[in-house]
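Taken together, the values in this text are just the output of simple stated rules run on the coordinates, not laboratory data. Note that this is a predicted model, so its numbers are computed, not measured. We place every Cβ from the backbone using ideal geometry, glycine too, and count neighbours over all the protein chains shown.
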Amino acid sequence: MSLDNFHLDPATLLVIVFGLVEFAKQLGARGNGLRLLSMALGVTLAVLYRLALAYPHAAPWIETAFFGLAAGLAASGVYSFVNQRLPVNALKARRRDPLLGAVPGDPLR
């Protein structure tokens with residue numbers, strides 16, 4: 001992974017926030033505390049993102065911090081959060097969930 005190929009944009013920011021919230025869940029955060037934490041993370045990282053746009057001389061440092069968060073999340077195994085939500089895996093999970101029932105036209109049923 002190289003910082004040269006890392007692109008900071010709102011989609012990247014969203015993935016990092018999701019990853020950090022999932023990491024907090026693994027550490028035991030639950031309920032309203034998790035909800036508050038996710039809001040605080042989202043707002044804080046969004047402000048940092050906007051600061052990178054407003055102050056171009058600070059952008060490399062902010063991008064490096066976001067890159068470090070992304071690399072740390074990947075190394076900690078949070079990438080499985082995304083893997084579990086890919087279309088094929090989501091379809092498998094839905095088939096196992098009795099509340100959601102069958103998926104119309106599901107070729108795997």
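Whole-Hz ³J(HN,Hα) for each residue in the stretch 14-21, computed from phi via Karplus 6.51 cos²θ - 1.76 cosθ + 1.60 with θ = phi - 60°, x for glycine and proline: what do you get?
Values, residue by residue: 4, 5, 5, 4, 4, x, 5, 5 Hz.
Which value in nm describes the separation of the simple spin-label points at V47 and S76, placed 7 Å from the Cα toward the beta carbon?
Once both label points are built, they end up 2.1 nm from each other.
Between V15 and A59, what length in nm is gained on full extension when 0.36 nm per residue of separation is reduced by their alpha carbon distance?
Value of the extension gain: 13.9 nm.
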